[in-house]
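The values are calculated or read from the model by the stated rules, or taken from the named source; none is laboratory data. Fair warning: this is a prediction, and the values are worked out from it, not measured in the lab. Note: ideal-geometry Cβ built from the backbone for every residue, glycine included; neighbour counts use all protein chains shown. Surface areas here come from the heavy atoms of the whole protein model, side chains and all, with no ligands, DNA or RNA. Shrake-Rupley method; radii C 1.70, N 1.55, O 1.52, S 1.80 Å.
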Amino acid sequence: MSDDKLRKRMEALRAKLADANEQYYRHGRSPMSDGDYDMAVKELERLEAAHPEFATSDSPAAAVGSDLTPGFRKVPHKYPMLSIQNTYSEEELADWHRQVTEKIDPTALEYVVELKIDGVAMSLVYEDRKLAYAVTRGDGTVGDEVTANVRNIKTIPDKLPAAFPMGRVEVRGEIYMTRENFRAFNEYALLEYGKEQQNPRNTAAGSLKLKDPKESALRKLDFYAYAILVDEAKGTHWGNLEALAKAGFAVNDKRGKAKDVPGIFAITDAWLKIRDGLPYNIDGAVVKVDDLRQQVLLGRTAKSPKWVIAYKYKTEAVETTLEEVTYQVGRTGAVTPVAHFKPILLGGTLVKRATLHNFDEIERLGLKLKDHVIVEKGGEIIPKVVSVVEAKRPKDAQAIEPPTACPVCGSELSRDEEEVALRCDNLRCPAQVTRAILHFASRPAMNIENVGPALVESLLKEGLIKTAADLYFLRREQLENLERMAEKSAANVIASIAESKGRGLDKLLHGFGIRFIGKTSSTLLARHFKSLDALRSATLEDLLGIHEIGERMAQSIFDFFREPAAQEFISRLQEAGLNLTYEAAAGSEELAGKIFVLTGTLPTWSRDEAKEIIEKAGGKTTDSVSKKTSFLLAGEAAGSKLEKANKLGVKVISEEDLKNMLGLG
Ligand code: IVH
């Protein structure tokens, strides 16, 4: 390469990486795949090493990247939060092992291999065994304080047990979001912001930076601890992980020990096979020298410690061509573009479709019809179009024009200013009506067996129903006249519809599909208000008084009950004789009349909250343990009450046990 070309190439790489850093750390977006990012960093590093004359002092290849956000208190890191070396190649991992063994006697060497959780690094500082503050990586030297949001995470204890020293103890780990919570949150995000989140990691990063901890709690973040930092290193990393687990931190149980390179690969190969089945995303494995003194001996470079390396898994990517884009209309009217491509095999499954999320995504990809595209299995298993092979763009490639009318009902589509999603605002749009009814009948809601897409569509087509409430007024003869409906199955449908009348308020509320109100909030509301009438007449303040009901949720519930269509819907349900009350689930009968005593710090509820919850479910609470006590609810650092309960043979339960009794587990 000529000097001129070389300089241009390096400039281009720097610009690309600087943009990716900016997008990722400031806006929580990933403009390129992790693999492409790592490759660009490697290429730039290589060029900078070979041609230092063209290197710059602020190279994005050397930068840790920065998540610092204005408006957050800045806290300096006592120990810098460095990045770690990473590699996709077996040879490079073997090279690293060779370097380690130059300093450490291989017979005294042991590695700990852990999953590399794809989340956000977090530093937790405990002072005198109490969580004092939680800080993001920031620029590696200074981070943003996000303690209030982190306190919502149940796998982060507020207090450390006595086995830990007083004074300052720092715990590091990864904040992440499970795939399931991500999916659930994304449904909400689509409603709330009209746009889907890219992936669990970016969502977790964004959630940590929310100003309202209640809002942040909705995101259901989790945490895996992976390090304890103290001034004087002794013992082993493995031992520290065990101590963390004992202290109540979640520590990933998939970890292994290895002595050499084949030992490391035996573990990482096995994990690769179970990767897709894990409830969270990983992007590889982390290999660490176990002995903490050996770690100190190995030291670090300016950028990263020498005793640790990440071995990243390659993502399978396949090229295909985009044949068509269709549009899907959701329950709330959001219109989502779907890419249809020439079928390909990806991770052993035949793939022909992928959601494109929204038009911003199409623009970002620069996607045109007939383009050659690269499809990857995204972290969430769902296939994803990651890039366009522009060099192969055919002459007749066509621009993808956003639709102006709803593909189902033909109404004009709207686009809110800050919303990315196109929306069909016609509440009578058959797509929305169908999906709303199916949601009502779905298993987590009213669980009406035998009422599926085909039946709902034909009932709507024949004009036999307009809303889900009309299901309760169907007669058998009407069903028998439908195509492909035998006498027997008509009777079954009528029976299962009738049977669902008794499901109760929690299921019914979920079935309503009120914006921002999912399954958990429905149960919470039902348990709190006990009847639809009480909920309907609740004021905004009443609603806001409930733990876990944020402002947007409260407003949405309040507005829902004031909509004429909703009022009509509810009076039809009343007329049909549905159970509009909440009766404590079978399990929570256990609580009726029982006497509870609370002690210690509970993982997620304050003691007052727990008391309130117990009393609402029919239990009683008192302050001291006696023979009459039914249960001692004990948390972290329970003291004399626990002793007394044990002596008297009073049953001791955890917050989790209580949740199970309440059917919240
Ligand atoms: S150890 C100094 N262990 O991967 C060593 N990191 O740059 C600190 N990560 O964002 C890192 N799982 O937060 C370590 N089991 C694990 C990890 C892990 C995920 C993250 C880390 C950082 C990135 C490494």
When segment 332-352 is examined, which residues are found to be at pLDDT 90 or above and open to solvent by 40 Å² or more (accessible area, probe 1.4 Å)?
His340, Lys342, Pro343, Lys352
From the set of residues in segment 288-305 that are basic (Lys, Arg) and within 34 Å of the chain's Cα centre (by Cα), which is least open to solvent (accessible area, probe 1.4 Å)?
Lys288
Helices (runs of 4 or more DSSP H) enclosed by segment 463-524 - at least 2 residues per element that are hydrophobic (A, V, I, L, M, F, W, C) and surrounded by 17 or more Cβ atoms within 10 Å (Cβ to Cβ):
487-499, 505-512
Among strands (runs of 3 or more DSSP E) lying entirely in segment 60-128, which contain 3 or more residues that are under 22 Å from Ala250 (Cα atoms) and within 12 Å of the ligand (Cβ to nearest atom)?
111-117, 120-127
Residue satisfying all of: in segment 239-269; within 15 Å of the ligand (Cβ to nearest atom) and among the small types (Gly, Ala, Ser); surrounded by the fewest Cβ atoms within 10 Å (Cβ to Cβ) among these
Ala245
Quick check: anything in segment 130-137 touching a residue at least 40 places away in the same chain (Cβ under 8 Å), more than 16 Å from the ligand (Cβ to nearest atom), of a type outside the set (Val, Ile, Thr) and closer than 24 Å to Ser66 by Cβ?
yes
Within segment 158-175, how many residues turn out to be away from the ligand (no atom under 16 Å from the Cβ) and surrounded by 23 or more Cβ atoms within 10 Å (Cβ to Cβ)?
1
Within segment 18-32, tally of residues that are among the hydroxyl-bearing types (Ser, Thr, Tyr) and either assigned to a helix (DSSP H, G or I) or open to solvent by 60 Å² or more (accessible area, probe 1.4 Å) (or both)
2
Report yes if Val329 is touching a helix residue (DSSP H, G or I) at 6+ places or on another chain (Cβ under 9 Å), open to solvent by less than 20 Å² (accessible area, probe 1.4 Å), among the aliphatic types (A, V, I, L, M) and within 12 Å of the ligand (Cβ to nearest atom), otherwise no.
no
Out of segment 422-441, which residues are in a loop (DSSP other than H, G, I, E, B) and among the hydrophobic types (A, V, I, L, M, F, W, C)?
Leu427, Cys429
Go through segment 442-456 and count every residue that is within 24 Å of Gln567 (Cα to Cα) and assigned to a helix (DSSP H, G or I).
1
State whether the residues of segment 335-351 include one that is within 14 Å of the ligand (Cβ to nearest atom), among the small types (Gly, Ala, Ser) and touching a residue at least 12 places away in the same chain (Cβ under 8 Å).
no
Every pair of residues 6+ apart whose Cβ atoms lie under 6 Å, when the first sits in segment 79-106 and is under 19 Å from Tyr311 (Cβ atoms) and of a type outside the set (A, V, I, L, M) while the second is within 16 Å of the ligand (Cβ to nearest atom) and in a loop (DSSP other than H, G, I, E, B):
Ser83/Val64; Ser83/Ser304; Gln85/Ser304
What tally of residues in segment 578-589 results from selecting those that are open to solvent by less than 60 Å² (accessible area, probe 1.4 Å), at pLDDT below 90 and hydrophobic (A, V, I, L, M, F, W, C)?
2
Selection from segment 96-119 of residues that are acidic (Asp, Glu) and loosely packed, with under 14 Cβ neighbours inside 10 Å
Glu102, Asp105
Is it true that Ala15 is among the small types (Gly, Ala, Ser), outside any loop (DSSP other than H, G, I, E, B) and open to solvent by less than 50 Å² (accessible area, probe 1.4 Å)?
no
Here the residues within segment 305-326 that are within 16 Å of the ligand (Cβ to nearest atom) and at pLDDT 90 or above are Pro305, Lys306, Trp307, Val308, Ile309, Ala310, Tyr311, Lys312
Select from segment 215-233 the residues that are of a type in the set (Ser, Thr, Tyr) and within 16 Å of the ligand (Cβ to nearest atom) and list them in ascending order.
Tyr224, Tyr226
Meets criteria (among the charged types (D, E, K, R), at pLDDT 95 or above, out of contact with any helix residue (DSSP H, G or I) (no Cβ under 7 Å at 6 or more places or on another chain) and open to solvent by 60 Å² or more (accessible area, probe 1.4 Å)) for Arg536
yes
Positions within segment 1-11 being open to solvent by 50 Å² or more (accessible area, probe 1.4 Å) and assigned to a helix (DSSP H, G or I), in sequence order:
Asp3, Asp4, Lys5, Arg7, Lys8, Arg9, Glu11
Have a look at Thr236, Thr141, Thr155, Thr178 and point out the one that is open to solvent by 40 Å² or more (accessible area, probe 1.4 Å), of a type in the set (S, T, N, Q), within 16 Å of the ligand (Cβ to nearest atom) and closer than 25 Å to Leu115 by Cβ.
Thr236
Matching option when the condition is closer than 30 Å to Leu508 by Cα, modelled with pLDDT under 90 and in a helix (DSSP H, G or I), among Glu615, Glu568, Glu548, Glu575
Glu615
Can Tyr188 be described as more than 12 Å from the ligand (Cβ to nearest atom), open to solvent by 40 Å² or more (accessible area, probe 1.4 Å), modelled with pLDDT under 75 and of a type in the set (Ser, Thr, Tyr)?
no
Scan of segment 33-58 for residues that are over 32 Å from the mean Cα position of the chain (by Cα), open to solvent by 30 Å² or more (accessible area, probe 1.4 Å) and under 30 Å from Lys377 (Cα atoms), ordered by number
Glu43, Glu45, Arg46
Would you be able to tell me the number of residues in segment 622-653 that are without any contact (Cβ under 8 Å) to a residue 24 or more places away in the chain, part of a loop (DSSP other than H, G, I, E, B) and open to solvent by less than 70 Å² (accessible area, probe 1.4 Å)?
2
